[in-house]
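J.: Please read through the structure below; I'll follow up with questions.
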Amino acid sequence: MTNGFNEAYSQTFKRELSIPINTMNRFIETLKQSFLAFSFDLGGLLAGSILFFFINVFSFAPWVIIIYPSIISMRGVIGGFFSGRLSTSLHLGTVKPSFLNNTRTFLLLVCSTVILTIESSLMMGALACFVNISLWGTHLAESLNIFSAILTTMGLSLLFVSPVTVGISILSFKRGLDPDIIVYPVMSTLGDILVTLCFVLSLRLLFSGFLGSLLAWLFDLAFLFITILLLVKYGRTEHLSRTLREFSLTLLIVTLIVNLTGNLLGKISQVIGRKPEIYILYPALIDTIGDVGSVVGSTTTTKLALGTVGSSFKDIRKSLPEIGGACLSSAAWFLLFSIISLYLTHKPVALDNFITLSLLLLTLSVLAAPVISVISYILAIITFKNGLDPDNFVIPCESSLSDSITTAFLLLIICLFRY
């Protein structure tokens, strides 16, 4: 986004409370940009295809299918925090649209992302081990494997996902697009693809014998060591310490939520074993619903930061164009997903198959998209009114909640449709 466009964009927001808003233009603009951004959720079908192709990794251990959605969700949470904070900072001018010679705010944002990644990994590992030991009688050695699988996957994904997030943010900002609408939807999909590949790689290493397991643990130790160095060097800065304090609460809440998602997927797997199209669709579905929440949440946090919207729940009517545009975009893409998934599974794209799957997906969109939109808006208002930074809570919480909500609604609809 050019400087001229950025100034015009900010001035437009600042005039919102004093002049009538052309809601139709905002609806159309959100619809166009979100439809473009959600197009990257097609990559979720690739992530689902990878998952289905390597479905044998779930036979390595009973805990694998439970931690997969947890890792996907938590990586989305960290990515949502990073992209949301980056988008708001670009609008405010505290981060420059450049890789090199950037601001101290940008440096601290990167450091906090690394530290929060290791913190979330340890939380997930601890909860997963507790659940598996208490419910399945898992031994200590197996519990260590759970920790290693999570740490290796999260660490590898950090190396690939974060630089791409910065690149997408800078490119969209310079091209005159709104990073609040573009960045997270794009990165949630690319992140799912990369995380799925990293997950498969980490499991292959861990279960390939002594040498592979040793390489995984060496990587984990290096990841821990680098994080400790960053924490020692920058941990006392006010900006980073506040982020870690606030986001640690978010991570604790999210860790409990993503564990629920994993158990729900376990329930669905009992039904979709004979429905490969659902395996392939799953990452794209949770991506798209999460993207709807991110559009509403990110635009709301930016408006709150600029002071162009009040911290009242009644002001949600001012966000209806964004909510409507994002929800309509998700419904359109769900229809397209139904066709593509049937093609990828080599099922005939017959009228009855298309109608059944399309109705299932449309019902899912109609139920899940408005729910996550309202949740995102409420989270933004509550955190802002309590003096917290909405970027530390809104997208991270909505992204994990959207995964659970989408998975729960999917399970319900599959049962109702007897699919």
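The values are calculated or read from the model by the stated rules, or taken from the named source; none is laboratory data. As the structure is a prediction and not an experimental result, all values here were calculated from the model. Neighbour counts are summed over all protein chains in view; Cβ atoms, including those assigned to glycine, are modelled from backbone coordinates with ideal geometry.
J.: In region 80-132, what residues are within 24 Å of Ile289 (Cβ to Cβ) and among the charged types (D, E, K, R)?
T.: Arg85
J.: Here is a follow-up. Please identify the pairs in which a residue from region 387-416 that is in contact (Cβ under 8 Å) with a residue 40 or more places away in the chain and more than 20 Å from Pro370 (Cβ to Cβ) has its Cβ atom under 7 Å from the Cβ atom of a residue that is among the charged types (D, E, K, R) and part of a helix (DSSP H, G or I), counting only partners at least 6 apart or on another chain.
T.: If the second residue must be among the charged types (D, E, K, R) and part of a helix (DSSP H, G or I), the pairs left are Leu388/Glu246; Asp389/Glu246; Asp391/Arg85; Asn392/Glu246.
J.: Specify the residue that is farthest from the chain's Cα centre (by Cα); the eligible residues are those in region 183-208 that are closer than 22 Å to Asp291 by Cα and small (Gly, Ala, Ser).
T.: Checked region 183-208; the qualifying residue farthest from the chain's Cα centre (by Cα) is Gly191.
J.: Determine whether region 84-106 contains at least one residue that is within 27 Å of Leu336 (Cβ to Cβ), in contact (Cβ under 8 Å) with a residue 60 or more places away in the chain and surrounded by 16 or more Cβ atoms within 10 Å (Cβ to Cβ). Working first, answer last.
T.: Here is the first cut: in region 84-106, the ones within 27 Å of Leu336 (Cβ to Cβ) are 84, 87.
Then drop every residue that is not in contact (Cβ under 8 Å) with a residue 60 or more places away in the chain, which leaves 84, 87.
Restricting the remaining residues to those that are surrounded by 16 or more Cβ atoms within 10 Å (Cβ to Cβ) gives 84, 87.
Taking every residue of region 84-106 in turn, at least one turns out to be within 27 Å of Leu336 (Cβ to Cβ), in contact (Cβ under 8 Å) with a residue 60 or more places away in the chain and surrounded by 16 or more Cβ atoms within 10 Å (Cβ to Cβ).
J.: Quick one: is Leu379 at pLDDT below 85, among the hydrophobic types (A, V, I, L, M, F, W, C) and closer than 22 Å to Asp315 by Cα?
T.: Answer is no for this residue.
J.: Okay, next question. As an exercise: evaluate Asp41 against (1) surrounded by fewer than 22 Cβ atoms within 10 Å (Cβ to Cβ); (2) among the charged types (D, E, K, R); (3) touching a residue at least 60 places away in the same chain (Cβ under 8 Å) and give the number of the one condition it does not meet.
T.: Unmet for Asp41, out of (1) surrounded by fewer than 22 Cβ atoms within 10 Å (Cβ to Cβ); (2) among the charged types (D, E, K, R); (3) touching a residue at least 60 places away in the same chain (Cβ under 8 Å): (1).
J.: Let me ask something additional. Of all residues in region 227-259, which are closer than 15 Å to Ile118 by Cα and either outside any helix (DSSP H, G or I) or among the small types (Gly, Ala, Ser) (or both)?
T.: Selection gives Gly235, Ser248.
J.: Here's a follow-up. Show the residue pairs meeting these rules: Cβ distance below 6 Å; 6+ apart or different chains; first residue within region 205-228 and at pLDDT 95 or above; second residue part of a loop (DSSP other than H, G, I, E, B) and aliphatic (A, V, I, L, M).
T.: Hits for this filter: zero, empty list.
J.: Just to check your reading of the model, which residue among Phe173, Phe199 is touching a His at 6+ places or on another chain (Cβ under 9 Å), of a type outside the set (Val, Ile, Thr) and buried (at least 24 other Cβ atoms within 10 Å of the Cβ)?
T.: Sole residue among the options that is touching a His at 6+ places or on another chain (Cβ under 9 Å), of a type outside the set (Val, Ile, Thr) and buried (at least 24 other Cβ atoms within 10 Å of the Cβ): Phe173.
J.: Taking region 1-58 only, how many residues are within 20 Å of Ser172 (Cβ to Cβ), modelled with pLDDT under 50 and either of a type in the set (Asp, Glu) or not in a helix (DSSP H, G or I) (or both)?
T.: Looking only at that region, the number is 3.
J.: Related question: So, of the residues in region 384-403 that are of a type in the set (S, T, N, Q) and at pLDDT below 85, which turns out to be nearest to Val258 (Cα to Cα)? Lay out the reasoning, then the answer.
T.: Kept after step one, since they are of a type in the set (S, T, N, Q), are these residues of region 384-403: 386, 392, 399-400, 402.
Those left that are additionally at pLDDT below 85: 386, 392, 399-400.
On the way: Asn386: 25, Asn392: 17, Ser399: 10, Ser400: 6 Å.
The extreme case among them is Ser400.
Residue-wise test of (1) at pLDDT 85 or above; (2) surrounded by fewer than 24 Cβ atoms within 10 Å (Cβ to Cβ).
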position	(1), (2)
Ile67	no, no
Gly80	no, no
Val110	yes, yes
Ser134	no, yes
Ser148	yes, yes
